[in-house]
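Chemist: I'd like to ask you about the structure that follows.
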């Protein structure tokens, strides 16, 4: 059987939501049904149960759903005027549906709606729902082994915490049992690799209720990772001709009036710090660009200074709603691998593609095998609202980006109405080792703000010109990238990123001195170590080292002391190899310097 | 003649203020006189002139002052009841003096005051002032060649901008003409080394009116210096067993309620960012300690974890009044070489002295030859106001610090009423190469806040204890340290700190390739370079390199290309030396790694 295409999958999941509701009503007549849309891995449906249900009921619901599917029910579309539709649901005491129809009448002036009825083997109506359509023809098209009820969650009717709290039933659904299994395996793995769970276990970061939600504090081990990533960025950017700068985390309100941030971006900003006197208002910076623009503007610039690439791991603050905050992935403090490239139109293509190549370099380093670049464009209808109203420049820069990417042979897709307010952008989506998707980084072109804030350079003919500005952050933010890397590597980082690179385990007290000597030599070579003294059994210490996900555990016993060797346990492969101490240090140093993905011993 | 000691110097400067006022009244009778205290390099006096004076009048005033001194006037002390004193000044139409006496009567319930009258050669009264005393016996004791009027400034009566604007005349005064000359030379040198002037010329930092006063933006060249200092701190702190952490720049108000900052330190904080809803208020952090305490508190700790040294180049914000902001020396954003050492009482002495030794290490590195440590103590009268009200702990920790410093053989002086609100501190004062004094860094003991915020560890007997906390910042802030270093090195930094280490100057077009080859080799060795292409004359390019204060200018001509050598101009010594390229790279690399004060070539 050919696999359904995306659109068929949507129909399948949508149909399955009807099956779910029907099954629930069969099992618990009188349950109030709310809404049930398809989602990216299946569907859900919201119910108001008379008596709460639990995971123990999943089996019965699934069984009932399979029964319905096996009956080969079909769909019939009924067009009703809203008065009849209201009566239909009122008769069945389904008040949520009545409310939905009343709102359609009131807010959208709707006078007819459609119901989709399921028909049983004898043509009898088994269930109907208020629905716009998009279903399979026959429920038998839904593979009965390719869905699974995943979880229950509470959800307010219409997301309004003052309304009824409903029970949401999530169902995973795929075109085949094999794909469902793959998804379930990925989810199981994702649970194990959950960056919030591992972040706590490996003591990488913490949150404090006193500091505030969405404001991670990096502990010592997590700071090592952030520092290593920053070092990578510095080295790469120095090679790429970037200049590092440092700017404060606040600025006067008038800066953001000038740049347009207060007009277009205020909702994402923290409220101002207001002085009663003429000092006025200060804001936390939501982006680094306005500050970098001030540095560009601090001296007169000529074409000889361009391209000028100002880089900063700038720490920005954005006010995400507390409800959407999620571990390191959605935060309020963002340590950004930021840079702004001021260039001429002629330089744009080279600069833009150099940035794209940076991304590719980093993908290899972090073992990112699947990625997609999305070119986010403006929406002409939103000019003057979400986007600065300069249509010609929008079309021109969008075409510049398109041409640059095509010339560089980069695959990309185009998405309307997702640009930055000042120009088109590239969103980079990546997939982790277990197949989960992340939006990592953006690369934006700004044709508007440089002119607005008065940036200029003198061209080779002595004329004043406004530079273009490329905003780029290929390593995203520390928060999002490290959140991704924890999942990507399941907490067992490549040597160069590992908070502790080598654990030292003397077999017994007699080997402590030798182990300390080795520790000293490793530290002198810049290798991060942790000492596990012999007060615990070797087995227990090895388990502890494994729990901390230290790449190498170095065991030193009689033989090793005698041979000037060390027995190295590779925690990932669980292989043990005895190597001369000198070789161990040399090889480990090399692997770290080269930022190898896998430790070379064992 | 033996030089007057500090107390005599104070008398001399105080007497000179009387001379200044008498001279002004002799020259411009009817001038209103306000107050005139001694200051650390002389004295000043505030006047309300009928007609404005200018620098052109300095000579006449100095001449009149010398005349008064040469007369050998003496002082007579008159005790008056305040009614008589008021009448005395009212008769002379000196309204400021009348106001001063009225305030003494009203606010301090004073009923008698003293006047100090000057008596001329015939015993006649030449001038009198409302004054508490402390003068030379005879004005002839003031060396007539050891003072100089320095400058005029505007000053509001009683510092109140709603009151009269007065003219303040500043006078430098020393025990001898030689010392005055030294001071004038130092001031002249300080003007040349002014960090604001050099910061602009060398493009190290900038301020933006749009970002706000007191918020420096570090440009690319200045960022190199900050980065090098941070690298130094990282290396030193890694050796010292510190753990680096990273914390956000904001926190909820309740954190600062708990730590006592909102009670004791609010005046120095930026106003809050207030949400209308239950999110409450957020503040910019004025110190890093509360955040570090949260990291300490994020896991249970045992005596085995102590001492725990959490380090961060934390960026704090303090709201200094705009009037006191001064270049990099008084700012609102402070990038602090911060760390907090959590330790037991038994560990305190070792930890404290390790910190003191860090200071001494850094002093040597930056060629700081003169320094003083001041132990700032609490004031018992201010307990419960400026200081947490725990007298026993104040006395105990002050004694702990005293003992630790004595044991380490550190010279220090004690100053009451200058402690932090949570414990005693060491203020470190240093003197720059031209003899100017800077307060660089502090080292504080905190016996209060750790307990307040619930920090604890389990000691070896299983009991819960509260750790002590040492706050330390031996490299001060980037802002203050770099401000100092600019003056210290007059902008010509040691190789390791120099934004550009080697300038490359091909003699002619034919030598550009070789110069570029050398540049590549230098960059590969991690040496920062700048290329001066041959479009300008060699002389002009050398002057440009000198203007940028690049330590080495590397000239490449025919001979150098042929010999694989380079002619190195040492910009400080102005010596030129021709050395083989390999040797140049090796020696320069070594000098940088060893952080040598002087470049080794030339």
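The values are calculated or read from the model by the stated rules, or taken from the named source; none is laboratory data. Computed from a predicted structure; not experimentally measured. Note: ideal-geometry Cβ built from the backbone for every residue, glycine included; neighbour counts use all protein chains shown.
Chemist: Taking region B:324-346 on its own, how many of its residues are surrounded by fewer than 19 Cβ atoms within 10 Å (Cβ to Cβ), in contact with a helix residue (DSSP H, G or I) (Cβ under 7 Å, 6 or more places away or on another chain) and assigned to a strand (DSSP E or B)?
Modeler: Residues in region B:324-346 being surrounded by fewer than 19 Cβ atoms within 10 Å (Cβ to Cβ), in contact with a helix residue (DSSP H, G or I) (Cβ under 7 Å, 6 or more places away or on another chain) and assigned to a strand (DSSP E or B): 1 in total.
Chemist: Could I ask something else about it? Working only within region B:148-172, note down all residues that are part of a helix (DSSP H, G or I) and either surrounded by 14 or more Cβ atoms within 10 Å (Cβ to Cβ) or touching a strand residue (DSSP E or B) at 6+ places or on another chain (Cβ under 7 Å) (or both).
Modeler: B:157, B:158
Chemist: Counting residues that are in contact (Cβ under 8 Å) with a residue 60 or more places away in the chain, which helices (runs of 4 or more DSSP H) fully inside region B:1-108 reach at least 2?
Modeler: Those helices (runs of 4 or more DSSP H) span B:6-27, B:58-70, B:95-108.
Chemist: Would you check if residue A:455 is closer than 21 Å to residue A:333 by Cα, modelled with pLDDT of 95 or more, touching a strand residue (DSSP E or B) at 6+ places or on another chain (Cβ under 8 Å) and in a loop (DSSP other than H, G, I, E, B)?
Modeler: no
Chemist: Then there's this: Against the conditions (1) facing another protein chain (nearest Cβ under 10 Å); (2) touching a residue at least 60 places away in the same chain (Cβ under 8 Å); (3) closer than 26 Å to residue B:226 by Cα, where does residue A:300 fall short? Just the number, please.
Modeler: So residue A:300 meets the others, but not (1).
Chemist: For residue A:370, all conditions in the list (1) under 30 Å from residue A:192 (Cβ atoms); (2) without any contact (Cβ under 8 Å) to a residue 12 or more places away in the chain hold save one; what is the number of the exception?
Modeler: Condition not satisfied by residue A:370: (2).
Chemist: Given the conditions (1) more than 12 Å from chain B (Cβ to nearest Cβ); (2) surrounded by fewer than 16 Cβ atoms within 10 Å (Cβ to Cβ); (3) part of a loop (DSSP other than H, G, I, E, B), and given that residue A:175 satisfies all but one, which numbered condition is not satisfied?
Modeler: For residue A:175, the failing item is (2).
Chemist: Residue under question is residue A:271, and the condition is that it be modelled with pLDDT of 95 or more, assigned by TED's automatic domain parsing to the domain that holds residue A:313 and over 30 Å from residue B:310 (Cα atoms); does it hold?
Modeler: yes
Chemist: Looking at (1) touching a helix residue (DSSP H, G or I) at 6+ places or on another chain (Cβ under 6 Å); (2) within 14 Å of another protein chain (Cβ to nearest Cβ); (3) without any contact (Cβ under 8 Å) to a residue 60 or more places away in the chain, which is the one condition that is false for residue A:321?
Modeler: (1)
Chemist: Right, another one. Can you tell me which residues in region B:294-323 are assigned to a strand (DSSP E or B) and under 19 Å from residue B:478 (Cα atoms)?
Modeler: Passing the criteria: B:310, B:311, B:312, B:313, B:314, B:315, B:316, B:317.
Chemist: Right, here's the next one. Among helices (runs of 4 or more DSSP H) lying entirely in region A:196-293, which contain 1 or more residues that are touching a strand residue (DSSP E or B) at 6+ places or on another chain (Cβ under 9 Å) and at the interface with chain B (Cβ under 9 Å from one of its Cβ atoms)?
Modeler: Counting at least 1 such residues, we get A:220-239, A:253-259.
Chemist: Same structure, new question: I'd like to verify a number: residues in region A:511-549 that are in contact (Cβ under 8 Å) with a residue 40 or more places away in the chain, touching a helix residue (DSSP H, G or I) at 6+ places or on another chain (Cβ under 8 Å) and more than 20 Å from residue A:225 (Cα to Cα), how many?
Modeler: Residues meeting the conditions: 4.
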